[in-house]
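So the structure is just underneath, and the comments pick up after that.
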Amino acid sequence: MSEEQRPVPIPDPGTAPYWEGTREHRLKLPKCEDCGKVHFYPRSVCPHCGSARLTWIEACGRGSVYSFTVVHRPPSPAFKPLVPYVVAVVTLDEGPHLMTRIGGCSTDDVRIGMPVQVAWEDIDSTATLPYFIPQ
Ligand code: ZN
């Protein structure tokens with residue numbers, strides 16, 4: 001049993017819609033109302049055109065592994081029960097990249113280009129994190 005709690009996200013006004021979505025098990029992404037492009041992480045202006053006219057869409061939750069690494073040494077005692085685990089950058093079907101964890105398979109089974117879909121991990125009563133599993 002870990003004596004240290006896993007860190008939880010601390011939402012701010014710019015990221016609150018994202019974290020509210022994760023608690024509902026919905027992957028929400030910011031979309032620009034001017035150029036129509038989706039981006040991640042949440043920002044106050046569109047990184048493609050500079051517009052501040054942003055809205056939120058619900059992503060389909062599918063993507064593919066862009067890159068990954070296997071973590072064998074926990075970054076803090078709170079992560080000791082998880083090792084070894086995969087930290088990956090996933091290319092979402094909507095376009096943006098999302099850094100996340102891969103679960104639902106052996107660390108040896110993860111491959112670049114592997115199709116994945118979102119799953120949810122309730123860290124505590126206030127925070128839920130997305131992770132991805134093989135499709
Ligand atoms: Zn834009």
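Read-outs: derived from the displayed coordinates by stated rules, not from any lab. Just so you know, these numbers come straight off a predicted model, no measurement behind them. So basically every Cβ, Gly included, is an ideal-geometry build from the backbone, and we count neighbours across all protein chains shown.
Data overview
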read-out: Gain in span if fully extended, L82 to R23, counting 0.36 nm per residue against the direct Cα distance; value: 19.1 nm
read-out: Point-charge dipole on Cβ atoms (K/R +1, D/E -1) for region 11-135, about Cα centre, debye to 20; value: 240 debye
read-out: Selected from V65, C49, L29, residue furthest toward positive end of dipole (region 27-77; charges at beta carbon); value: V65
read-out: All aspartates and glutamates inside 19 Å of K31 as judged from Cα atoms, apart from same-chain residues fewer than 8 positions distant; value: D12, E20, E58, D93, E94
read-out: For the chain: relative contact order, % (alpha-carbon pairs under 8 angstrom, 6 or more apart); value: 23 percent
read-out: Under 15 Å, Cβ to Cβ, from C60 - net charge with Lys/Arg +1 and Asp/Glu -1; value: +1
